[in-house]
Amino acid sequence: MPHLLSTGFSSIRYIFRAVGGISILADLLAVATVIVTLAAPQSPAAAVLLALTTLVLLAWIGTEAAPSLRGIEPLKQLMGTFGTARILVVVAALGLDLGTGVSVGAIVAAALLGAMIIGESAMRRAVRGAVPQSANIPGWDVPLPSVVLADSLFAVNLLGMALMVVSAGFGLTQLPAVLAALAGLVLAVLFGIQSVRYLYRRNRFEANLPKILDKLAPAFCFHWQAPAGTAYQASMWLPYLDRIGLPYFVLVRTAANFAEVSKLTDAPVILRVGLEDLDAVSCASLKAVFYANTAVRNSHMIRFPHLTHIQLNHGDSDKIASVSPTFRQYDKNFVAGQAAIDRFAKHGVVTRSDQFEIVGRPQLEDVRAATGPISAVGQPTVLYSPTWSGFYEDSDYSSLRAGRAIVAGLLERGCTVVFRPHPYARRHKGNAEACDSIIELLTLDAASTGRTHIFGPAAETEMSVVDCFNASDAMVSDVSSLLSDYLVSGKPFAMAAVSAHGDAFVDEFPLAEAAYVFDVVGADAVGFSDLLGDLLDTDPKAAVRRSLRDYYLSDTPTDHVVEHFVEVARRYLS
């Protein structure tokens with residue numbers, strides 16, 4: 001498509017969405033229907049146009065609801081959608097019915113349905129504005145107004161509208177529409193009761209939060225805010241915060257984060273959305289706050305100077321994000337090894353040495369070390385775990401663009417493949433397409449060779465990272481924290497050079513000294529097939545990996561790393 005034409009279509013789509021999109025079209029069609037019906041209620045055109053408008057409206061609503069009904073998306077709140085168009089259809093049906101004489105049933109049905117549809121807007125705000133307050137605090141649950149009940153009310157009102165149109169078109173009694181409207185009224189009352197209960201319990205929780213925290217007496221909290229679908233950042237640290245052995249709570253900032261974290265821990269979880277909401281959780285017993293990312297909202301909590309703010313991060317790699325100046329705002333940065341500290345100086349980010357504590361990587365406590373050289377493995381299993389393309393161009397280290405070529409090379413070598421992409425890979429269109437292509441290739445190979453490749457949910461959600469490490473004999477990745485973590489296993493790994501090449505790549509990403517490096521140029525994995533002999537047979541870099549293990553992951557033995565983390569953490573909690 002020519003660029004000018006493509007730009008023109010994009011502009012039209014933008015304007016269309018800006019003025020209301022499908023909703024405004026539905027409103028305009030409904031207005032035309034009302035005009036025709038009121039002007040000529042007994043004409044065939046009025047009945048036909050009313051029926052057409054109703055069918056179009058039902059089709060649009062069905063399209064909106066379909067992903068939720070098929071289980072593809074979470075239940076969507078439909079209540080309040082197409083409200084103006086639905087009221088106008090009810091008015092048009094009333095006009096059509098009254099064109100043949102006064103109908104008390106039509107008037108009652110129209111009045112009830114109109115009131116219910118108008119009321120949906122207020123009830124929609126009640127659902128959207130309702131957020132959970134806490135979890136895992138006995139006696140202090142705050143039940144939310146039911147989205148299912150709200151959508152049931154919407155469905156009954158929609159049914160009432162359709163019944164009124166059918167009855168008006170065929171000259172039938174409006175009793176079914178009246179009954180539907182009365183059913184909607186009952187649902188609306190139930191929803192109102194739920195909303196009042198929510199407001200009462202929310203206000204009760206707010207008033208008693210200081211007492212709740214005084215009773216809990218938390219020594220620290222874990223502050224977490226991130227986009228939905230990022231729970232791995234929290235899940236990697238929660239078990240080790242539990243092992244500190246002191247009371248604490250998880251502080252989240254969005255309803256999506258609350259829903260995710262509440263499934264991961266038995267610790268109290270408290271949701272505080274706004275900056276002003278945090279004053280109530282800064283209780284007398286609280287000594288420190290742990291963080292697992294550099295989210296902007298972290299600063300809302302960092303403003304409390306009497307607390308010690310400790311950054312844990314969610315992985316340690318040579319990525320540029322690992323040397324962000326934002327790490328300087330924390331009192332302490334818990335890092336895996338000396339490499340993380342030196343990385344700041346290497347990139348010209350001035351830090352104080354006393355801002356760092358080397359704690360190792362407690363998450364690696366269950367990684368099994370290689371039992372022998374890779375050459376002794378007849379048919380190796382290789383973990384391919386690429387990172388994603390990042391939010392910005394300067395943080396795009398992903399090898400997924402050449403992922404199919406990488407996996408094809410492993411299959412030609414006779415390897416079994418474990419494919420575990422970064423959790424964010426499917427948020428990037430190009431990465432998602434590459435993942436699908438790789439899975440297709442592995443599916444075909446498994447069918448033809450019988451090799452038991454692991455991919456999809458089995459590798460991405462059912463198995464942990466440690467499980468994938470233990471299931472593999474070697475690894476292929478790019479600039480990722482998983483590679484430095486893999487050092488603890490002693491197993492060989494290959495590293496894709498994406499953002500730089502040759503000596504410049506090794507200089508920018510020092511871990512490459514221990515890796516078998518190949519270049520990703522477009523969709524090609526340049527030199528990958530040539531290095532497989534080193535990766536899967538001779539392994540000449542085994543000694544280099546051993547020498548870098550302590551530099552990246554500290555010299556704490558794996559079976560004592562959790563104990564060391566707990567010991568360091570407790571220093572700041574007394």
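Semi-axes of the equivalent ellipsoid for segment 238-334, computed as √(5λ) from the eigenvalues of its C-alpha gyration tensor and ordered from largest down, come to 21, 17, 15 Å.
Pairs 215/332; 76/319; 215/263; 346/491: which exceed 32 Å Cα-Cα? Going by Cα-Cα distance, 76/319 fall outside the 32 Å limit.
Around the amide H of residue 517, modelled in the peptide plane, lie the amide H atoms of 495, all under 5 Å away and 5 or more residues distant in sequence or on another chain.
Report summary: the helix-based calculation at 222 nm, which adds -39500 (n - 2.57) for every DSSP H run with n ≥ 4 and divides by the residues of the chain, gives -15500 deg cm²/dmol. With the simple spin-label model, which puts each label point 7 Å out from Cα in the Cβ direction, the residue 448 to residue 513 separation comes to 4.2 nm. Each label point was placed 7 Å from the Cα along the Cα-to-Cβ direction; for residue 555 and residue 172 their separation is 8.6 nm. Taking the charge dipole of the chain about its Cα centre, with +1 at Lys and Arg Cβ atoms and -1 at Asp and Glu Cβ atoms, the residue from 489, 250, 565 reaching farthest to the positive side is 250. Quarter the surface of the alpha carbon convex hull of segment 111-208 and you get the mean projected area, 6.6 square nanometres. Remark on segment 189-260: hydrodynamic radius 14.5 angstrom, per the Kirkwood mean of 1/r across alpha carbon pairs.
Each DSSP beta bridge with both residues in the chain is either parallel or antiparallel, and the antiparallel ones are about 10%.
Phi angles across segment 132-139 convert, under the Karplus curve 6.51 cos²θ - 1.76 cosθ + 1.60 with θ = phi - 60°, into 3J(HN,Hα) values of x, 10, 7, 9, 6, 10, x, x Hz, Gly and Pro given as x. Across the options 218, 323, 142, the greatest Cα extent toward the positive end of the charge dipole of the chain (unit charges at beta carbon of Lys, Arg, Asp, Glu) belongs to 142. Here the Debye sum runs over all C-alpha atoms of segment 517-574 as equal scatterers in vacuum, and log10 of I(q)/I(0) at q = 0.21, 0.23, 0.31 Å⁻¹ comes out as -0.88, -0.94, -1.12. Here the chain is assigned +1 on the Cβ of each Lys and Arg and -1 on the Cβ of each Asp and Glu. Its dipole about the Cα centre then comes out at about 2040 debye. Comparing Cα centroids, segment 397-440 and segment 289-326 end up 31 angstrom apart.
Here segment 433-541 is treated with +1 on each Lys and Arg Cβ and -1 on each Asp and Glu Cβ, and its dipole about the Cα centre works out to around 280 debye. Value of Rg to Rh for the chain, rounded to two decimals, is 1.08; Kirkwood radius and Rg both from alpha-carbon coordinates.
For the chain, the solvent-accessible area works out to 45 Å² per residue, with a probe of 1.4 Å and every protein chain left in place. For the pair residue 215 and residue 429 in one chain, pulling the backbone fully straight at 0.36 nm per residue adds 72.2 nm over the alpha carbon distance.
For the chain, with all protein chains present and a 1.4 Å probe, just round the carbon and sulfur fraction of the accessible area to a whole percent. For the chain, the apolar C and S fraction of the accessible surface comes to 61 percent. One decimal place: the segment residue 523-residue 326 gains 67.5 nm when fully extended, by the rule 0.36 nm per residue minus the C-alpha distance.
The mean sequence distance of close C-alpha pairs (under 8 Å, at least 6 residues apart), as a share of the length of segment 290-403, puts its relative contact order at 18 percent.
The values are calculated or read from the model by the stated rules, or taken from the named source; none is laboratory data. Owing to the predicted nature of the structure, the values given are computational and were not obtained by experimental measurement. No Cβ is skipped: glycine too gets one built from the backbone with ideal geometry, and neighbour counts run over all protein chains shown. Each accessible area value is taken on the protein alone, full model and side chains, heavy atoms only, with ligands, DNA and RNA left out. Shrake-Rupley method; radii C 1.70, N 1.55, O 1.52, S 1.80 Å.
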